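Asker: The structure follows.
The values are calculated or read from the model by the stated rules, or taken from the named source; none is laboratory data. Remember, predicted model here, so these are calculated numbers, not experimental data. When we count neighbours, we look across all protein chains shown, and the Cβ atoms used for this are built from the backbone with ideal geometry, even at glycine. Keep in mind that these areas ignore ligands, DNA and RNA; they rest on the heavy atoms of the full protein, side chains included. Shrake-Rupley method; radii C 1.70, N 1.55, O 1.52, S 1.80 Å.
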Amino acid sequence: MGAFTLIPSLEQPSVFLIMGPDGRPVSIINQFLSHLAHCGRSGYTLRSYAQGLAHFFGWLTARGQLIDSVTPQVVEAYITDFSLQTKGGACFIDPQKAGQINLLTRKAAPSVQRQPRTINHRLSVLASFFTYLIQQYTARGTGSWINRTNPVPAAPQDPRNAHGMPGRDLLRRGKAGELRRRVPRHLPRQVDPLLAQQIIDTAHSWRDKAILTLLYRTGQRIGDWNPWAGRHGILGMTVADVDERAGTITVLLKGSRDEHRVPVTDDFWPLYHQYLRYERQAGLGASALWVGLRKGKGEPLSYASFESSLRYIGRKLGANVNAHMFRHTLAQAVVDQGNLKVAQDLLGHQHLETTADIYASTDHQAMVEAVSAAKSQFDTELTHVSHPELTSPTVSPQNHYVFRYDDITLQELDQVVRRPSGPL
């Protein structure tokens, strides 16, 4: 496959530039990425779009095809190859354990194959890119893409699921989404309270104990702190975001980066003080609250570093856990208490429907009570109503059938029994 690589832009740290196999910038992609940056897309969106287009252009180059020759058939062939490839990533995935269910967390081990959501996202990347290409060439009045049809044909989009922003809408491809994959709905995976405490106790540093306690007690996203995507979530906190007097912390929400203040339970503060006293150097110039202790010492703690520590703890306990499971745990506990609006405010969801769709689609306690009531009703009916055919059926000489049929049915059955059997 042609080597199309990503490099960060020197002018815009959040923008990635695509370099071709000849080492030159691929202007047709970089102009699109710059357009997304001007539209205010996040660093995560820009990176994922850059990676997707670099992979697509490499696939075209390996087959000797040009971007001008892309048709719906070419897109279909690419998506087919993409869906069959083994997914990459920084974390090693053991093919022998893929799909196995962990009994402690009821969470399946990651699969080596690309998932439906990833395939659908790649389709959205291509659709947005070709839409931009057609609009630009048509506006200039010159070029091979003037008034052409998008090779990733899109059905009319449901406005309820539209952001109205290029690069963020997940378009529905084809007449009935023939290239899109159905994304299965999974219940949120949670951490058992006993396991959660074991994870916190097993953490080897006061820093990790404090972060895990915040995840478990506040339900906030783990977030990140890096130069190209900025900061958000717990890892994006600064020293000034902790207000012990008020008993709160302030985090930046994902996407909009709005400030969000939530209360903190008392068990966090002793861990936090131990971290400041023994692990975070006094007078450290960095404004980041959570910093590296060994590799990258004194630098802001990244998501990759924290996840590596959490996976190590999980392996010691025999549990596959991730940071987002703590968020699900607190949210479900609050919703189960009947505080759906409180859960929305804690999680920072913009719409109550989002919280309800994830955590209140079914009332677990109501289902338990309904099943229990139904069982009691069945037991009562069995106690007060006689059902000889269900208890101890007897066959009398007059009634040689197990069930007590009426006289007409008995006569018909007797005639069938006495009728001579013929050839089948």
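Asker: Tally up the residues in region 42-81 that are open to solvent by less than 40 Å² (accessible area, probe 1.4 Å) and either in contact with a strand residue (DSSP E or B) (Cβ under 6 Å, 6 or more places away or on another chain) or under 24 Å from Gln115 (Cα atoms) (or both), please.
Answerer: The number of residues fulfilling the criteria is 20.
Asker: Which pairs have Cβ atoms under 6 Å, sit 6 or more apart or on different chains, and link a residue in region 311-327 that is surrounded by 19 or more Cβ atoms within 10 Å (Cβ to Cβ) to one that is of a type in the set (Phe, Trp, Tyr) and in a helix (DSSP H, G or I)?
Answerer: Sorted first by the residue in region 311-327, then by its partner, the pairs are Phe326/Tyr216.
Asker: Here is a further query. Filter region 26-42 for residues that are of a type outside the set (Lys, Arg) and either outside any helix (DSSP H, G or I) or touching a Pro at 6+ places or on another chain (Cβ under 8 Å) (or both) and give the result.
Answerer: Scanning region 26-42 gives Val26, His35, Leu36, Cys39, Gly40, Ser42.
Asker: Cβ contacts < 7 Å: first residue closer than 20 Å to Gly58 by Cα and assigned to a loop (DSSP other than H, G, I, E, B), restricted to region 6-25; second residue of a type in the set (A, V, I, L, M) and open to solvent by 50 Å² or more (accessible area, probe 1.4 Å), any location; separation 6+ or different chain. Result?
Answerer: These pairs meet every condition: Pro21/Ala3.
Asker: Restricting the first residue to region 170-193 and requiring it to be within 16 Å of Val75 (Cβ to Cβ) and among the aliphatic types (A, V, I, L, M), which pairs with a second residue that is at pLDDT 85 or above and part of a helix (DSSP H, G or I) meet a Cβ separation below 7 Å and a spacing of at least six or different chains?
Answerer: Leu171/Ser124; Leu171/Ala127; Leu179/Glu76; Leu179/Ile79; Leu179/Leu123
Asker: Hey, another quick one. Just checking, does region 227-235 include any residue being in contact (Cβ under 8 Å) with a residue 24 or more places away in the chain, in contact with a His (Cβ under 9 Å, 6 or more places away or on another chain) and either open to solvent by 10 Å² or more (accessible area, probe 1.4 Å) or of a type in the set (A, V, I, L, M, F, W, C) (or both)?
Answerer: No, every residue in region 227-235 fails to be in contact (Cβ under 8 Å) with a residue 24 or more places away in the chain, in contact with a His (Cβ under 9 Å, 6 or more places away or on another chain) and either open to solvent by 10 Å² or more (accessible area, probe 1.4 Å) or of a type in the set (A, V, I, L, M, F, W, C) (or both).
Asker: Quick one: Gln332 ticks every box in (1) open to solvent by 50 Å² or more (accessible area, probe 1.4 Å); (2) assigned to a helix (DSSP H, G or I) bar one, so which box is it?
Answerer: Answer for Gln332: the failing condition is (1).
Asker: Pairs please, first residue from region 277-289 and more than 18 Å from Asn226 (Cβ to Cβ) and in a loop (DSSP other than H, G, I, E, B), second anywhere and at pLDDT 90 or above and open to solvent by 60 Å² or more (accessible area, probe 1.4 Å), Cβ atoms under 6 Å, 6+ apart in sequence or on different chains.
Answerer: Glu279/Trp206
Asker: So, of the residues in region 161-191 that are open to solvent by 70 Å² or more (accessible area, probe 1.4 Å) and over 27 Å from Gly255 (Cα atoms), which turns out to be modelled with the highest pLDDT?
Answerer: That would be Glu178.
Asker: Now for a different question. Going by what's in this entry, would Thr248 be described as touching a Lys or Arg at 6+ places or on another chain (Cβ under 6 Å) and loosely packed, with under 13 Cβ neighbours inside 10 Å?
Answerer: When the stated conditions are applied, Thr248 does not pass them.
Asker: Quick check on region 360-382. Is at least one of its residues in a helix (DSSP H, G or I), under 18 Å from the mean Cα position of the chain (by Cα) and surrounded by 14 or more Cβ atoms within 10 Å (Cβ to Cβ)?
Answerer: No, every residue in region 360-382 fails to be in a helix (DSSP H, G or I), under 18 Å from the mean Cα position of the chain (by Cα) and surrounded by 14 or more Cβ atoms within 10 Å (Cβ to Cβ).
Asker: Considering only region 198-215, state which residues are open to solvent by 30 Å² or more (accessible area, probe 1.4 Å) and modelled with pLDDT of 95 or more.
Answerer: Here is the first cut: in region 198-215, the residues open to solvent by 30 Å² or more (accessible area, probe 1.4 Å) are 198, 201-202, 204, 206, 209.
Correct list: Gln198, Asp201, Thr202, Trp206, Lys209.
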